[in-house]
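Trainee: Before I ask anything, here is the structure I am working with.
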Amino acid sequence: MSDLRTLYQEVILDHNKSPRNFRAMEDADMTLEGYNPLCGDHYMVYVKMDDDVLADVSFTGSGCAISKASASVMSTIVKNKTRQEAGKLFDQFHDLVTGKSAPGNKEELGRIAVFAGVSEFPARVKCASLAWHTLKAALEKQANPVTTE
Ligand code: ZN
């Protein structure tokens, strides 16, 4: 089994301890709930749009270190991106945590790359991708809470 510590690299620990954009957004254009019943990760994701740009992204809720760090990193990465760019980042992140992306691409993925180790732990993939799935559904104007099941 791979070294579990690779899952808890410094970046993940830092974002778990001091999550970025961890607040409710009163004037959000989209608000959506995401839930991972397998682990108990439960978050609300808030998005404020400025035309086609994600002007602000925040989240509240609780869950394991991986899910919280991932939501925090996600909120910082997609902010000020267009819908299309955010969608592309979602695809890159999803490929990375499910082990589909080529190792050569990881450098350009920057902060997302710290979650590459998650691909070796299938149960953790849902933790890491919960906030991203919730964001994607929010941007698609889905009203029903997102669940990983
Ligand atoms: Zn979790």
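Trainee: Looking at the range 64-73 only, could you name the residues that are buried (at least 23 other Cβ atoms within 10 Å of the Cβ) and either more than 16 Å from the ligand (Cβ to nearest atom) or within 16 Å of residue 148 (Cα to Cα) (or both)?
Mentor: 66, 67, 68, 70, 71
Trainee: Taking the conditions exactly as written (open to solvent by 30 Å² or more (accessible area, probe 1.4 Å) and aliphatic (A, V, I, L, M)), does residue 54 satisfy them or not?
Mentor: The answer is no for residue 54.
Trainee: Is it true that some residue in the range 102-111 is within 15 Å of the chain's Cα centre (by Cα) and of a type in the set (Lys, Arg)? If you could, list the steps in order and put the result at the bottom.
Mentor: Here is the first cut: in the range 102-111, the ones within 15 Å of the chain's Cα centre (by Cα) are 109-111.
Next, only the ones that are of a type in the set (Lys, Arg) stay: 111.
So far as the range 102-111 goes, yes, one or more of its residues are within 15 Å of the chain's Cα centre (by Cα) and of a type in the set (Lys, Arg).
Trainee: Working carefully through the options 98, 76, 82, 134, find the one that is under 22 Å from residue 19 (Cα atoms), open to solvent by 30 Å² or more (accessible area, probe 1.4 Å) and β-branched (Val, Ile, Thr).
Mentor: Of 98, 76, 82, 134, the one residue that is under 22 Å from residue 19 (Cα atoms), open to solvent by 30 Å² or more (accessible area, probe 1.4 Å) and β-branched (Val, Ile, Thr) is 76.
Trainee: Only one residue in 117, 110 is part of a helix (DSSP H, G or I), open to solvent by 30 Å² or more (accessible area, probe 1.4 Å), of a type in the set (Gly, Ala, Ser) and more than 19 Å from residue 138 (Cα to Cα). Which one?
Mentor: On the way: 117 fails: open to solvent by 30 Å² or more (accessible area, probe 1.4 Å).
Checking each option against the conditions leaves just 110.
The values are calculated or read from the model by the stated rules, or taken from the named source; none is laboratory data. Not measured: the values here are computed from a predicted model. For neighbour counting, all protein chains shown are included, and Cβ atoms are generated from backbone atoms with ideal geometry for every residue, glycine included. These area figures cover heavy atoms from the full protein model, side chains too; ligands, DNA and RNA do not enter into them. Shrake-Rupley method; radii C 1.70, N 1.55, O 1.52, S 1.80 Å.
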